[in-house]
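Okay, so here's the structure we're looking at.
The values are calculated or read from the model by the stated rules, or taken from the named source; none is laboratory data. Small disclaimer: the values here were computed from a predicted structure and weren't measured. We place every Cβ from the backbone using ideal geometry, glycine too, and count neighbours over all the protein chains shown.
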Amino acid sequence: MATFILVHGAWHGGWCWERVVPLLEAKGHRVLAPDLPGMGEDRRKLGGDPLGEWADFVAELAADAGPPVVLVGHSRGGLVISEVAERAPQSIAKLVYLTAFLLPSGQSLADYAGRYPDIGPGPAVRPANDPARLALDLELAKPIFYNRTSAEDAQAAAGRLVPEPLAALTRPLAISAERFGRVPRAYIEASNDRAISLAMQREMQAALPCAPVITLGSDHSPFYSAVPELAEALLELA
């Protein structure tokens, strides 16, 4: 049996995996779905490098869990799992990018997303009370993140979003072929994603190939819009 560590994306928390966790556990796997430091209900203060702090946090979880660890990153969580693999490749059996940012070293999320100004949550982004973070207009965010999710689930999820540290989006990724590159990686695509389009997902895969690639007919949030299918895909990858 594997240990799954599920890493949430921007503005979200570990709560977003709430329907997937029981399905994986029912098959005998161990599942960790933490709030990253300073996100979700975790109120600790972050320094100037949240991406690095998150990677350190997850790398420690992976080391403590023992093999085999399947590390799953959703959306911005893809950056986190890439840096975890750089820090502790020996702790990770597989990286799984769930409609996630899979970027080369030296590129930031803002660098990549900035090339596609008409795609993603940009129109919903607003200044937060904390100048180091970005908030969202929740009504504008719902059709971007949850366009195939039920209205009830979309409303509930949007109400739990918290401001995202700006530095996590602008800090370039720091990974190497020798460490990150030695960890097997898979990709789960979302074909109806309005936050990271399918074309963007496939462009990233072309630059950093993954095997296997599994396609879900979901929005950006398959943990609500395609729960059984997502769980099946993760179990297959384990």
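Which residue out of Arg185, Arg194, Arg202, Arg179 is in contact with an Asp or Glu (Cβ under 8 Å, 6 or more places away or on another chain) and under 20 Å from Val84 (Cβ atoms)? I'd like the intermediate steps shown before the answer.
Numbers: Arg185 fails: in contact with an Asp or Glu (Cβ under 8 Å, 6 or more places away or on another chain); Arg194 fails: under 20 Å from Val84 (Cβ atoms); Arg202 fails: under 20 Å from Val84 (Cβ atoms).
Every option except Arg179 fails the conditions.
Number of residues in the stretch 1-56 that are over 22 Å from Leu173 (Cα atoms), over 17 Å from the mean Cα position of the chain (by Cα) and hydrophobic (A, V, I, L, M, F, W, C): the value is 5. Only residues that are loosely packed, with under 14 Cβ neighbours inside 10 Å and without any contact (Cβ under 8 Å) to a residue 24 or more places away in the chain were counted in the stretch 148-176, giving 3.
The set of residues in the stretch 180-202 being part of a helix (DSSP H, G or I), in contact with a helix residue (DSSP H, G or I) (Cβ under 9 Å, 6 or more places away or on another chain) and surrounded by fewer than 23 Cβ atoms within 10 Å (Cβ to Cβ) consists of Gly181, Arg182, Met200. Based on what the data block shows, is Pro89 at pLDDT 95 or above and over 18 Å from Leu208 (Cβ atoms)? So Pro89 fails the test.
Could you check the stretch 131-153 and list, in sequence order, the residues that are among the basic types (Lys, Arg) and assigned to a loop (DSSP other than H, G, I, E, B)? Quick ask: steps written out before the conclusion?
If we filter the stretch 131-153 for residues that are among the basic types (Lys, Arg), which is where we start, we get 133, 142, 148.
Once the filter is applied, which keeps residues that are among the basic types (Lys, Arg) and assigned to a loop (DSSP other than H, G, I, E, B), the stretch 131-153 yields only Arg148.
Of all residues in the stretch 65-90, exactly one satisfies the criterion of being on the phi < 0 side of the Ramachandran plot, assigned to a loop (DSSP other than H, G, I, E, B) and within 8 Å of the chain's Cα centre (by Cα), namely Arg76. A single entry from Leu46, Leu36 fulfils the requirement of being out of contact with any Leu (no Cβ under 8 Å at 6 or more places or on another chain), closer than 17 Å to Leu161 by Cα and of a type in the set (A, V, I, L, M): Leu36.
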